[in-house]
Each structure stands twice: as structure tokens, then as C-alpha cells.
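Engineer: First, the structure itself, so that you have it in front of you.
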Amino acid sequence: YGPSPFTGTGSHIPPRNCSQIMNALIVADVGVLAGREIGPISDYIAILSLSEARSLDACNSLPSILDLMASGCPSRPKPRTLTDSDLAFLKALYASDITTSGGQGRYGVEHAMAKDLGGVSR
């Protein structure tokens, strides 16, 4: 509960209602990545660093760059770049209202993604 780091945004939102990335460390096993193209790997690392992935070994509901390394997702082709659903997720995540509860926040992200992807949200 110590002092919050300076956000530098000039916002009037108190730091207790802000989400901040202070440090991100992603360790990559060179043995696993050997022979792979750098483009898809860099997109994979980007989505890991900008979001909080829950499961990295299962197939996601929507196509995602996270499927690249998922052993539990053999049924569809591995993406070579960030997918439309990845971009919609990141846009919705970073545009979401951080002052809401977890359930409302998830609904807001789902709704924004559905709108961005041209679908109908619940």
C-alpha cells in the first residue's frame, strides 16, 4: 500500500483506479523457438506482454496468435501474425472502464470485441 508510482498522464484519476505495467519479463526457451520465424514469435510475445493470458496450451475460442505455441490446438492453422480477434481484444481491453467489477469489465470487453468484429454481443 505504499506510494503509487507517478503515472505521468496528467489524469485526474487517482492511481488506485489505474492499471499500470511496471515491469514485464518474458523468458523464451531458445530450444523451443529455434527455426521459427521472428515475426510470429514477436507478435506472440507482444500479446503476452500486453494482456494476461489464462491458458497458453489450449485452443482459444477465436483464432489467436496464442494458438501458435498451443499444443492443444491442432485443428486449425497456426496464425502467422496477430489476428483480427487479437487486435479487437487488445483494443477492447485497453478501452475498457477499469473502475468496474470483474464481471462488468469482462462483459464490456466481450461487447466491444463483438462490435469490432461485426458480431452481435449478448
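Engineer: Does the stretch 64-73 contain at least one residue that is touching a residue at least 24 places away in the same chain (Cβ under 8 Å), among the charged types (D, E, K, R) and outside any loop (DSSP other than H, G, I, E, B)?
Structural biologist: No: zero hits.
Engineer: Still on this structure: Cβ-Cβ distance below 7 Å, separation of 6 or more or different chains: which pairs start in the stretch 13-32 with a residue that is within 28 Å of MET69 (Cα to Cα) and among the aliphatic types (A, V, I, L, M) and end on one that is at pLDDT 60 or above and surrounded by 10 or more Cβ atoms within 10 Å (Cβ to Cβ)?
Structural biologist: ALA24/SER49; ILE26/ILE45; ILE26/LEU48; ILE26/SER49
Engineer: With (1) farther than 24 Å from ILE45 by Cβ; (2) outside any helix (DSSP H, G or I) as the list, and HIS111 as the residue in question, which single condition is left unmet?
Structural biologist: Condition (2) is where HIS111 drops out.
Engineer: Could you list all residues from the stretch 88-109 that are surrounded by fewer than 15 Cβ atoms within 10 Å (Cβ to Cβ) and not β-branched (Val, Ile, Thr)? Explain how you work it out, then say what you get.
Structural biologist: Let us first name the residues in the stretch 88-109 that are surrounded by fewer than 15 Cβ atoms within 10 Å (Cβ to Cβ), namely 91, 94-95, 97-104, 106.
Those that are surrounded by fewer than 15 Cβ atoms within 10 Å (Cβ to Cβ) and not β-branched (Val, Ile, Thr): LYS91, TYR94, ALA95, ASP97, SER101, GLY102, GLY103, GLN104, ARG106.
Engineer: Find the residue count for the stretch 47-70, including only residues that are of a type in the set (Gly, Ala, Ser) and in contact with a strand residue (DSSP E or B) (Cβ under 9 Å, 6 or more places away or on another chain).
Structural biologist: Let us first name the residues in the stretch 47-70 that are of a type in the set (Gly, Ala, Ser), namely 49, 51, 53, 55, 58, 61, 64, 70.
Next cut, in contact with a strand residue (DSSP E or B) (Cβ under 9 Å, 6 or more places away or on another chain) only: 55, 58, 70.
So the answer is 3.
Engineer: Of the numbered conditions (1) open to solvent by less than 70 Å² (accessible area, probe 1.4 Å); (2) at pLDDT 85 or above, LYS78 fails exactly one; give the number of that condition.
Structural biologist: (1)
The values are calculated or read from the model by the stated rules, or taken from the named source; none is laboratory data. Quantities reported herein were computed from a predicted structural model and do not represent experimental measurements. When we count neighbours, we look across all protein chains shown, and the Cβ atoms used for this are built from the backbone with ideal geometry, even at glycine. Side chains included, ligands, DNA and RNA excluded: accessible areas come from the protein's heavy atoms. Shrake-Rupley method; radii C 1.70, N 1.55, O 1.52, S 1.80 Å.
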